1. Quick check on my filter: what residues within the range 431-448 are more than 16 Å from LYS280 (Cα to Cα) and either surrounded by 24 or more Cβ atoms within 10 Å (Cβ to Cβ) or not acidic (Asp, Glu) (or both)?
2. Which members of the range 389-430 meet the condition of being among the small types (Gly, Ala, Ser), on the phi < 0 side of the Ramachandran plot and either free of Cβ contacts under 8 Å to residues at least 12 places away in the same chain or not in a strand (DSSP E or B) (or both)?
3. Read through the list (1) closer than 25 Å to ASN242 by Cα; (2) in contact (Cβ under 8 Å) with a residue 24 or more places away in the chain, then give the number of the only condition that GLY142 fails.
4. I need every pair where a residue in the range 163-192 that is over 13 Å from ASP224 (Cβ atoms) has its Cβ under 6 Å from the Cβ of a residue that is surrounded by fewer than 24 Cβ atoms within 10 Å (Cβ to Cβ) and among the charged types (D, E, K, R), sequence separation at least 6 or different chains.
5. Specify the residue that is farthest from the chain's Cα centre (by Cα); the eligible residues are those in the range 92-125 that are in a loop (DSSP other than H, G, I, E, B) and basic (Lys, Arg).
6. Kindly evaluate ARG183 against the criterion of being at pLDDT 95 or above and surrounded by fewer than 24 Cβ atoms within 10 Å (Cβ to Cβ).
7. What pairs come up if the first residue lies in the range 296-313 and is closer than 30 Å to LYS259 by Cβ, the second is basic (Lys, Arg), and their beta carbons are under 6 Å apart, counting only those six or more places apart or on different chains?
Amino acid sequence: MSSEPHEMTAAELAAAFSSKELSPVEVAEALLGRIEALDSEINAFCLVDPPTTLKMAEASEERWMAGEPLSPLDGVPVAIKDLLITKGWATRRGSLTVDPKGPWEEDAPSVARLREAGTVFIGKTTTPEFGWKGSTDSPLTGITRNPWDRTKTPGGSSGGSAAAVAARLAPLSLGTDGGGSIRIPASFSGIYGLKPSFGRVPAYPLSPFGTVAHVGPMTRTVRDSALMMNFIAKPDARDWFNVPGEEPDHTTRLAESMKGKRIAFSPRLGYASKVLPEVKTLVAAAVKRFEAMGAIVEQTDPPLGNPSSIFQTIWWSGAGYVLGEQPEEVKTLLDPGLRKMAEEGVKMTKRAFMDANAARGTLGSKLRVFMENYDFLVTPSVATTAFEVGKLAPQGDNDRAWMDWTPFSYPFNLTQQPAASINCGFSSDGLPVGLQIVGRMFDDAGVLAASAAYEAADPHYARVPKGF
């Protein structure tokens, strides 16, 4: 266990609070100090409110001193993506179009559960406007940078949350994932991120992008994400898609053996044409580690075809629904790329939208049948490593925005399966690479178990970006 609070995991912090070796106030003060000193280099936070944070920490300290913590996460700092509404704090969604005055009188379900668990809110993290793309910059908050290389993006749209965790500014963070927005920045930033099964973690208000949008944990270690899932996966009546979990403690399976587990390895998903060679090499080596653990690995492609047109129709239509018919004075405030997407979305016909949803249903059925033969499907998380800030894509841009370099993420938003990204090494220029582990629908605990097994075999979470 590290003696420095910012290096400690949530599990280690909880143990230190219990033994009285550290107090929640000391940890909050230490992290607020790091944010003040270091966040200007990466711009992970769009809102920091020290008086509120310290008040929460003081209340937690009193509970620990009285021997009455609200949960094992009581007092542990958490960063909240600025797409998730938070009582008392403006949720501007990276947009100049959102009035900061509010009122802000409600917590999103995941935020509410973490508040009830006694966690300490350390601040709100940056997002591209309305979470529309796979890199993190916006007209409101500017550019967020990758702690591993400040000239690179941390990914998106949960880029602020990923950068905050990677830079040791927060041990826990909340992200959202509508097409890879947890897994892309987890891969680019070298942390762990889980997109739970759709409906497992309740959401409110529901995303304008519909039933592709998930809420999940972003942490340095798998155990910390499992601890978060114990709370954020609790039910909330405001989400009518919410599916209560059968797993009361997501940490119980973390020591599960991979011996005999059936794994489908798909290095291209059958259609990804531009995967960086170093990504291919590191992911193939990661798969070998599962074989060494006794897993039965078969290289095969799931019956996806190329689902990009399905996803594009659904995602662009969502943007059109929210923003496409806004008055000109509102549109002029938008990120130009988002405006373009919204205006194209308005032009999509009802028939095209219904056709896409029907095709999505067929796709989901095929994947569930495919997964009857496998416990997990593993792929690269992203086809590339982090690229320069301010770009939509590593090379050029087209009307598909970020979809060409994220072929491994959005299919599993369409199918709604649980999927995680875990660091499996670094490229020759020191940039993280992620391995994606996809599970059967609702087997979130299984994905966490496979992730924990990989983490134990090939740990990278203790490596720190230079300067942090």
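1. Once the filter is applied, which keeps residues that are more than 16 Å from LYS280 (Cα to Cα) and either surrounded by 24 or more Cβ atoms within 10 Å (Cβ to Cβ) or not acidic (Asp, Glu) (or both), the range 431-448 yields VAL438, GLY439, ARG440, MET441, PHE442, ASP444, ALA445, GLY446, VAL447, LEU448.
2. ALA393, SER409, SER427, SER428
3. Every listed condition holds for GLY142 apart from (1).
4. From the range 163-192, the pairs are LEU169/ARG34.
5. Checking each candidate, the answer is LYS101.
6. The answer is no for ARG183.
7. ILE296/ARG262; PRO303/LYS366
A quick yes/no check of all residues on (1) surrounded by fewer than 24 Cβ atoms within 10 Å (Cβ to Cβ); (2) at pLDDT 95 or above; (3) under 26 Å from ALA167 (Cβ atoms); (4) within 20 Å of the chain's Cα centre (by Cα):
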position	(1), (2), (3), (4)
SER207	yes, no, no, yes
VAL215	no, yes, yes, yes
ASN230	yes, yes, yes, yes
LYS259	yes, yes, no, no
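The values are calculated or read from the model by the stated rules, or taken from the named source; none is laboratory data. In this text, all values refer to a predicted model and were calculated from it rather than measured experimentally. As a convention, Cβ positions derive from the backbone with ideal geometry for all residues, glycine included, and neighbour counts pool all protein chains shown.
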